[in-house]
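What follows is a single structure, written as structure tokens, with notes after it.
The values are calculated or read from the model by the stated rules, or taken from the named source; none is laboratory data. Computed from a prediction, not measured in an experiment: that's the story for all the values here. Positions of Cβ are generated from backbone atoms using ideal geometry, with glycine treated the same way; all protein chains shown enter the neighbour counts. The accessibility values were calculated without ligands, DNA or RNA, using every heavy atom of the protein model including side chains. Shrake-Rupley method; radii C 1.70, N 1.55, O 1.52, S 1.80 Å.
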Amino acid sequence: MENKTKYIIGAVVVIFAAVIAWTVLTVPEPQKEDVVPETPKMEYEQNTISEKKGNKVIWEITTESSEIDAKTQETTFKNATGKFYEENGNVLTVTAPAGKYSAETKNVVLTGGVDAKTTDNMTLKADKVEWIAKDESLIATGSAVVTKPNMTASGDQIIAKDDFTDLSIKGNAHVTRK
Amino acid sequence: MKRVREMFSLSSLNKKKIASLISCAMLVGTAAIGFAANDADNSSELRADEVTYNTKTGDMTATGNVFLRKGKSTATGARAVYNTKTSIGMITGGVVADSEKMHLTCDEVHMLSQTELFAQGNVHATKEDQSFVGPVVTYYSDQEYVRMDQGGTITTKDGSFTADYMEGWTRDEHAKGVGNAYIVSPPKNFEGGGDEAEYFGKENGKLVLTGNAWGIQDNNMLRSARLTVFLNEQGTAEAAPSTEAAPASEAAE
């Protein structure tokens with residue numbers, strides 16, 4: 001009987017020890033928080049981006065510095081100088097302190113005070129200028145002013161198409177002709 | 001032809017005053033703005049809430065609080081369509097136009113060509129003390145010709161001239177009113193009328209009233225198929241072929 005008791009006690013101790021070991025060894029690890037992997041970005045200096053239609057360059061922009069988001073394919077740049085090549089052969093040269101280019105939409109946004117001038121003496125000034133690729137139009141927003149020889153157009157927003165021959169002025173529109 | 005002279009003492013109704021009354025018709029065309037006229041200052045200006053402008057075709061559309069200036073002439077309205085190359089266009093919606101001392105209000109002004117201008121809808125033109133009120137006015141700047149197809153009333157401080165149809169040639173100081181022509185000058189106590197009234201400023205201020213023509217000054221009345229009044233300083237009247245003179249009191253009966 002004594003031996004049997006000893007066996008029983010021994011078995012209980014072993015089982016208890018096993019339970020303790022199982023409990024300790026099988027403690028679940030705390031769940032890890034989702035960690036967003038850092039999007040890889042590529043940085044460039046003196047970079048030039050451009051857009052083509054067929055073999056013809058529509059525009060090209062040279063930047064002092066630029067950063068491309070590898071995931072969104074959006075390029076953010078600073079101190080840009082660009083050239084937009086018009087159908088009529090004129091070239092619009094534009095400068096802006098900052099801007100963005102979307103590889104998805106092919107749109108360009110220039111910000112921070114934009115100045116532009118064409119080879120036929122047309123000028124454009126605005127707080128912001130957007131190139132909308134699908135419409136092939138320029139949208140100048142914020143104190144927008146377009147000047148041509150003998151003509152000045154200004155407004156809150158100017159949408160220019162067809163090499164600046166088609167102007168749509170919205171908000172405080174003002175056109176003068178000499 | 002029976003002729004009656006000096007039936008009226010028209011000396012006080014002098015040529016200049018009647019001329020100014022009739023030539024008021026001319027102001028409508030020119031007040032309907034110098035856009036159709038040549039101006040040394042050819043600069044132009046357009047303000048609006050929104051403007052579309054095609055510099056290649058010259059087509060321009062302005063909407064909302066439109067203000068248009070050409071030279072010294074201005075116009076305001078709710079909407080304007082204009083072609084800078086052809087000078088054809090229109091301004092609609094409560095048009096107010098000013099050209100130097102002339103002031104015009106109407107519903108619409110249409111610039112039909114570089115020289116033809118059409119104003120319609122409650123046309124009211126003023127220049128100093130002269131005014132015109134009527135439904136429509138057409139003005140041809142190259143011919144200095146103004147036509148008011150639906151007539152109207154011209155008013156000056158000296159009186160008024162009304163007819164169902166009116167036209168005038170400013171260069172020739174020639175004006176005509178057809179249909180219920182009526183001239184009245186309260187300060188001179190003069191009235192005249194007929195089916196037609198035609199004024200020739202360069203012919204001693206000749207005013208010809210035809211078709212049931214009549215004229216009254218003070219208590220003198222003259223009726224005729226054709227009544228000619230010379231609005232010169234002396235003031236004379238001729239009537240032909242049948243003249244009937246009667247006191248005004250009888251004529252009223």
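Worth pointing out:
- Meets criteria (modelled with pLDDT of 85 or more, in contact with a Phe, Trp or Tyr (Cβ under 9 Å, 6 or more places away or on another chain) and part of a strand (DSSP E or B)) for B:Thr155: yes
- As a summary of the residue check, B:Asn180 satisfies the conditions (1) surrounded by 18 or more Cβ atoms within 10 Å (Cβ to Cβ); (2) in contact with a Gly (Cβ under 9 Å, 6 or more places away or on another chain) except for the one numbered (1).
- Subset of region B:45-66 [within 17 Å of B:Gly93 (Cβ to Cβ), surrounded by fewer than 17 Cβ atoms within 10 Å (Cβ to Cβ) and within 30 Å of the chain's Cα centre (by Cα)]: B:Asn65
- Number of positions in region A:116-130 that are of a type outside the set (Asp, Glu) and open to solvent by 30 Å² or more (accessible area, probe 1.4 Å): 6
- Among the residues of region B:147-171, those identified as small (Gly, Ala, Ser), more than 21 Å from B:Glu116 (Cα to Cα) and in contact with a Lys or Arg (Cβ under 9 Å, 6 or more places away or on another chain) are B:Gly159, B:Ala163.
- Residue within region B:99-114 that is of a type in the set (S, T, N, Q), within 14 Å of chain A (Cβ to nearest Cβ) and either surrounded by fewer than 18 Cβ atoms within 10 Å (Cβ to Cβ) or over 21 Å from the mean Cα position of the chain (by Cα) (or both) present: no
- In summary, A:Asn90 fulfils each of the numbered conditions (1) surrounded by 13 or more Cβ atoms within 10 Å (Cβ to Cβ); (2) within 26 Å of A:Ser154 (Cα to Cα); (3) of a type in the set (S, T, N, Q); (4) at pLDDT 90 or above with the single exception of condition (4).
- Flag if B:Ser185 is touching a residue at least 12 places away in the same chain (Cβ under 8 Å), crowded, with 21+ Cβ neighbours inside 10 Å and in contact with a helix residue (DSSP H, G or I) (Cβ under 9 Å, 6 or more places away or on another chain): yes
- Of all residues in region A:89-98 being assigned to a strand (DSSP E or B) and not β-branched (Val, Ile, Thr), the one that is nearest to the chain's Cα centre (by Cα): A:Ala98
- For region A:71-83, the criterion of being open to solvent by less than 40 Å² (accessible area, probe 1.4 Å), more than 10 Å from chain B (Cβ to nearest Cβ) and of a type in the set (A, V, I, L, M, F, W, C) is satisfied by at least one residue.
- Scanning region B:37-90 for residues that are polar (S, T, N, Q) and touching a helix residue (DSSP H, G or I) at 6+ places or on another chain (Cβ under 6 Å) gives a single hit, B:Ser73.
- Selection status of B:Thr84, more than 23 Å from the chain's Cα centre (by Cα), farther than 16 Å from B:Ser141 by Cα and open to solvent by less than 40 Å² (accessible area, probe 1.4 Å): yes
- Of all residues in region A:63-88, those being assigned to a strand (DSSP E or B) and over 16 Å from the mean Cα position of the chain (by Cα) number 6.
- Positions within region A:99-115 being in a strand (DSSP E or B) and open to solvent by 30 Å² or more (accessible area, probe 1.4 Å), in sequence order: A:Lys100, A:Val109, A:Thr111, A:Asp115
- Residues in region B:199-220 that are crowded, with 17+ Cβ neighbours inside 10 Å, over 21 Å from B:Asn189 (Cβ atoms) and in contact (Cβ under 8 Å) with a residue 40 or more places away in the chain: B:Gly201 alone.
- Scanning region B:174-198 for residues that are under 17 Å from B:Thr162 (Cβ atoms), at pLDDT 85 or above and of a type outside the set (Gly, Ala, Ser) turns up B:Lys176, B:Val178, B:Asn180, B:Tyr182, B:Ile183, B:Val184, B:Glu191, B:Asp195, B:Glu196, B:Glu198.
- Of the strands (runs of 3 or more DSSP E) that lie entirely inside region A:127-178, those containing 3 or more residues that are at the interface with chain B (Cβ under 10 Å from one of its Cβ atoms) and touching a Lys or Arg at 6+ places or on another chain (Cβ under 9 Å) span A:151-161, A:166-177.
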